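The structure appears right after this line, and notes come after that.
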Amino acid sequence: MHRILILLLLTTTTSILINVSSGLPFILGNGKAVINWTQPKDDWKIETAPRSIVPHLDTRNKNQTIAKEESEEDNRILERLQQLKRNSSTGRMLWYDMSLSAQDASHFPPFVDKALRLFSLDQVAYEIKNSVMSKVSCQACKAGAGLLKSFIQSGKSDQEIVKTIYNFCVHLQIESPRVCEGVSREFGLEVIFVLKRVNLGPDEICSFVIGDACGDVYNPYHEWEVSFPPVPKPAPVEPPLPKEGAPFFKVLHISDTHYDPHYMEGSNADCNEPLCCRLSSGRPTNPNSAAGKWGDYRKCDSPKRLIDNMLSHISDTHNDIDYIIWTGDLPPHDIWNQTKEINLQIIKDTVKQMSEKFPGVPIFPALGNHESSPVNSFPPPYVQQVDSSISWLYDELDNQWKRWLPASVSQTIRRGAFYSVLVRPGFRIISLNMNYCNNKNWWLLLNSTDPATELQWLIYELQSAEFSNEKVHIIGHIPPGHSDCLKVWSRNFYRIIARYENTITGQFYGHTHYDEFEVFYDPHDLGRAINIGYIGPSVSPYYDLNPGYRIYYVDGDHDLSTRMVVDHESWIMNLKEANLYDYPIWYKLYTTRPAYNMKGLRPLDWDNFINDITNNQELFDLYYKNYWKNSPVRPPCDAECKKRIICDSKSGRSHDRKHFCQDVESKIDERESKSWKAWFYRGFTASQEEKGNNYIDAKIEQAARLATNEVDPLNGGGSK
């Protein structure tokens, strides 16, 4: 998924360097009219959506039938919320008038010299792949966005722009020719369509896409706030420690299966494409490069036998599961070669597989970013053109998910792939479509203001839950504190979590493939932890990982139930041993409370744990091993790695590390400065800096030579 930005931003970065060195004007102002695009009106009203008010989980009978559609609404809550809406002021809220004055996109910012100095394809590719951005990626983004805008304003056709992207992708060997062709075709047209309709310059675009590494550029098109009903926030209640011997729910969490129907044992696992271990990957160059039977640590997704084996193991070992949360990313990483039909078939196959393995067990799914084609492409509901609308996916999700969910959720699933279900009296699960916070979702550049009205709907559901004294679990795919989540969306979500801290007792995400967590703090007192987001491990070994899943023990039905996670376990399969002995063994890697010596799993306890792993290297090493699911090929973790991982745990609000991480970073820097490693690192860094400058000079010279040697994608990659 990260290759999209590499191809669309890095390849155009090279082009703009060539244009500058050739003396071409930066923005080719030819007087052509700019497309005036107006967002279609959206008349959806939150209050009209049916609500789930019948408990969905029947604890008396594990083979419960699916609840029938509710026959009537919760009229008392509905009327109260409607009254609150009528009495509330609006301002810069959901109903804010977005018809702002157009920004002057004809002036390109003075960054060319800096881009020339910092330009490095390998560095930017690494940062995008690992979602750890710096000013290097920022300059590349600005150069690429500037060139695309200039091409559009100069009157170049869409096909000419796509061809340019392809040319540089091939010449700079960013990917193989067939990957370059597929990605430039699939994603280029969508990005061009969006950029034609936005009046934003490179500074605003790249601050939007990359985040804090590109500066906090004020952008009136993407500054918005959700509105809260004028109901005073109840006084925060510190949750008690779990009551020993109390009833609990046993919950399975599966995420990021990335099932690859074309996985082939013995194929090349070390290919030069984003996804290997397929017939198309070619033959391995040596025996060590051959794909394993049960999967591979390299750039390979899950073979069917791996998923079958895991689900059979879970069914046999955990036959007392009460319900399942399934947080998305079902298709594989061959993003250059996907179609809507292929992805829908994978969704149907995996839903069928889960239904057969866990008959009668309620499953609560969430949508991943890989389910769409192209990947990360989730246009809001107002985009209704046949070739661009996302209804092809949401309608089918409704058809597939209805076997597990009440019929009342159909309207919101078809609108935005989110829903709310009452699981037990006093306990609700809300599934969010986190792709509306995805900064790789180019459609959000048109208007990021609460896409699909999802966050305002979430407030409506949480306020209803507060009135009804319900506790809520939120599930989704992309963690809201992850750098892939838009800062404005994440900032609004953080406010929602803070407002309803007494109602929301757990959050559950996937996406990162690691075994980790995020702590949320009071925005007015960053020393007080108020919520916890659990980030479940991936089933897919992609890449350098063991396959894994989670088991949660959630406070169950009793008078003083907090509905919080009492404890959780992480289970893995040692992929190396499974391939070596052709006998996969799944085992419990750790149980959280005894492994980390935690009294409970309250937000306060997780905040204390962050302090512990900051100060205790031995405990951090244990966490790091579990973070990588005990992978035998995990890399060593230096001070910068340690700061990044711990800061990720403190940052439930994306692109805002300066507010959460200064104390952690200063403590680690202080410890590191006293070690002999710091002396060695400073000397090594100085020697590498000169090498890096020589590399950058070589890349710029190579790019200039390419200016006069374009290739033709219709001629097998040969010269024109």
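For the list (1) more than 25 Å from the chain's Cα centre (by Cα); (2) open to solvent by 60 Å² or more (accessible area, probe 1.4 Å); (3) in contact (Cβ under 8 Å) with a residue 12 or more places away in the chain, I need the number of the one condition that E244 fails.
In the conditions (1) more than 25 Å from the chain's Cα centre (by Cα); (2) open to solvent by 60 Å² or more (accessible area, probe 1.4 Å); (3) in contact (Cβ under 8 Å) with a residue 12 or more places away in the chain, E244 misses (3) alone.
Among residues belonging to region 195-237 that are in contact with a Ser or Thr (Cβ under 7 Å, 6 or more places away or on another chain) and within 28 Å of I504 (Cα to Cα), point out the one that is surrounded by the fewest Cβ atoms within 10 Å (Cβ to Cβ).
Ranking the candidates gives P230 first.
How about region 391-424: which of its residues are out of contact with any strand residue (DSSP E or B) (no Cβ under 7 Å at 6 or more places or on another chain) and not in a helix (DSSP H, G or I)? Steps first, answer last, please.
If we filter region 391-424 for residues that are out of contact with any strand residue (DSSP E or B) (no Cβ under 7 Å at 6 or more places or on another chain), which is where we start, we get 391-400, 402-403, 407-408, 410-411, 414-417, 424.
Within region 391-424, K402, R403, A417, R424 meet the criteria.
Yes/no matrix, rows are residues, columns are (1) open to solvent by less than 20 Å² (accessible area, probe 1.4 Å); (2) free of Cβ contacts under 8 Å to residues at least 60 places away in the same chain; (3) part of a strand (DSSP E or B):
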{"site": "L545", "(1), (2), (3)": "yes, no, no"}
{"site": "R563", "(1), (2), (3)": "yes, no, no"}
{"site": "V566", "(1), (2), (3)": "no, no, yes"}
{"site": "Y583", "(1), (2), (3)": "no, yes, no"}
{"site": "G600", "(1), (2), (3)": "yes, no, no"}
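If Y587 meets every condition in (1) outside any helix (DSSP H, G or I); (2) in contact with a helix residue (DSSP H, G or I) (Cβ under 9 Å, 6 or more places away or on another chain); (3) closer than 25 Å to D308 by Cβ; (4) not charged (D, E, K, R) apart from one, which number is that one?
Here Y587 clears every test but (2).
Restricting region 264-296 to residues that are open to solvent by 30 Å² or more (accessible area, probe 1.4 Å) and of a type in the set (K, R), which is nearest to G368 (Cα to Cα)?
Step by step, filter region 264-296, then rank; the result is K293.
Residue by residue through region 413-449, note down the ones that are among the charged types (D, E, K, R) and at pLDDT 95 or above.
Pass one, region 413-449, residues among the charged types (D, E, K, R): 414-415, 424, 428, 440.
Residues satisfying the conditions are R414, R415, R424, R428.
Return yes or no: is S388 touching a strand residue (DSSP E or B) at 6+ places or on another chain (Cβ under 9 Å), open to solvent by 20 Å² or more (accessible area, probe 1.4 Å) and farther than 30 Å from D212 by Cβ?
Values: touching a strand residue (DSSP E or B) at 6+ places or on another chain (Cβ under 9 Å): no; open to solvent by 20 Å² or more (accessible area, probe 1.4 Å): yes; farther than 30 Å from D212 by Cβ: yes.
When the stated conditions are applied, S388 does not pass them.
Restricting region 412-449 to residues that are over 27 Å from S654 (Cα atoms) and out of contact with any Lys or Arg (no Cβ under 8 Å at 6 or more places or on another chain), which is surrounded by the fewest Cβ atoms within 10 Å (Cβ to Cβ)?
The selected residue is P425.
Tell me, please, whether a residue that is touching a Gly at 6+ places or on another chain (Cβ under 6 Å), under 25 Å from R197 (Cα atoms) and either assigned to a helix (DSSP H, G or I) or of a type in the set (D, E, K, R) (or both) can be found in region 445-455.
The answer is yes; a qualifying residue exists.
Out of region 179-212, which residues are not polar (S, T, N, Q) and not in a helix (DSSP H, G or I)?
K196, R197, V198, L200, G201, G211
Does N615 fit the bill of being over 30 Å from R563 (Cβ atoms), of a type outside the set (A, V, I, L, M, F, W, C) and out of contact with any Phe, Trp or Tyr (no Cβ under 9 Å at 6 or more places or on another chain)?
On the way: over 30 Å from R563 (Cβ atoms): yes; of a type outside the set (A, V, I, L, M, F, W, C): yes; out of contact with any Phe, Trp or Tyr (no Cβ under 9 Å at 6 or more places or on another chain): yes.
It is true that N615 is over 30 Å from R563 (Cβ atoms), of a type outside the set (A, V, I, L, M, F, W, C) and out of contact with any Phe, Trp or Tyr (no Cβ under 9 Å at 6 or more places or on another chain).
In region 468-502, what count of residues is obtained for those that are open to solvent by 20 Å² or more (accessible area, probe 1.4 Å), assigned to a loop (DSSP other than H, G, I, E, B), of a type outside the set (G, A, S) and closer than 14 Å to N439 by Cβ?
Matching residues across region 468-502 total 1.
Of everything in region 398-411, what is surrounded by fewer than 20 Cβ atoms within 10 Å (Cβ to Cβ) and of a type in the set (A, V, I, L, M)? Give them in sequence order.
A407
Quickly run through region 656-671 and pick out the residues that are touching a residue at least 60 places away in the same chain (Cβ under 8 Å), open to solvent by less than 60 Å² (accessible area, probe 1.4 Å) and assigned to a helix (DSSP H, G or I).
Taking region 656-671 and keeping what is touching a residue at least 60 places away in the same chain (Cβ under 8 Å), we get 656-660.
With open to solvent by less than 60 Å² (accessible area, probe 1.4 Å) added as a condition, the list becomes 656, 660.
Selection gives F660 alone.
Looking at region 298-333 only, could you name the residues that are among the acidic types (D, E) and open to solvent by 10 Å² or more (accessible area, probe 1.4 Å)? Talk me through it step by step, then tell me what you get.
We begin by selecting, within region 298-333, every residue among the acidic types (D, E); these are 301, 308, 316, 320, 322, 329.
Matches in region 298-333: D308, D316, D320, D322.
Just wondering, is there one or more residues in region 249-263 that are at positive phi, open to solvent by less than 40 Å² (accessible area, probe 1.4 Å), in contact with a Lys or Arg (Cβ under 9 Å, 6 or more places away or on another chain) and not charged (D, E, K, R)?
First, pick out the residues of region 249-263 that are at positive phi: 256, 258.
Remaining after also requiring open to solvent by less than 40 Å² (accessible area, probe 1.4 Å): 256, 258.
Remaining after also requiring in contact with a Lys or Arg (Cβ under 9 Å, 6 or more places away or on another chain): none.
There is no residue in region 249-263 that is at positive phi, open to solvent by less than 40 Å² (accessible area, probe 1.4 Å), in contact with a Lys or Arg (Cβ under 9 Å, 6 or more places away or on another chain) and not charged (D, E, K, R).
Quick one: in region 368-403, which of the residues that are in contact with an Asp or Glu (Cβ under 9 Å, 6 or more places away or on another chain) and aliphatic (A, V, I, L, M) is modelled with the lowest pLDDT?
Per the criteria, the residue is V375.
From P232, P261, P274, which residue is free of Cβ contacts under 8 Å to residues at least 12 places away in the same chain and over 30 Å from K599 (Cα atoms)?
P232
Which residues, counting only those in region 263-321, are farther than 24 Å from V351 by Cα and of a type in the set (F, W, Y)?
Once the filter is applied, which keeps residues that are farther than 24 Å from V351 by Cα and of a type in the set (F, W, Y), region 263-321 yields only Y297.
Scan region 629-655 for residues that are crowded, with 21+ Cβ neighbours inside 10 Å, within 20 Å of the chain's Cα centre (by Cα) and not aliphatic (A, V, I, L, M) and jot them down.
Once the filter is applied, which keeps residues that are crowded, with 21+ Cβ neighbours inside 10 Å, within 20 Å of the chain's Cα centre (by Cα) and not aliphatic (A, V, I, L, M), region 629-655 yields K629, D648, S649, K650, S651, G652, R653, S654, H655.
Looking only at region 503-526, decide whether some residue is touching a residue at least 40 places away in the same chain (Cβ under 8 Å), touching a His at 6+ places or on another chain (Cβ under 7 Å) and assigned to a loop (DSSP other than H, G, I, E, B).
Checked region 503-526: at least one residue is touching a residue at least 40 places away in the same chain (Cβ under 8 Å), touching a His at 6+ places or on another chain (Cβ under 7 Å) and assigned to a loop (DSSP other than H, G, I, E, B).
The values are calculated or read from the model by the stated rules, or taken from the named source; none is laboratory data. Small disclaimer: the values here were computed from a predicted structure and weren't measured. Using ideal geometry, Cβ is built from the backbone for each residue, glycine included, and neighbour counts are taken over all protein chains shown. For accessibility, only protein heavy atoms count, side chains too; no ligands or nucleic acids. Shrake-Rupley method; radii C 1.70, N 1.55, O 1.52, S 1.80 Å.
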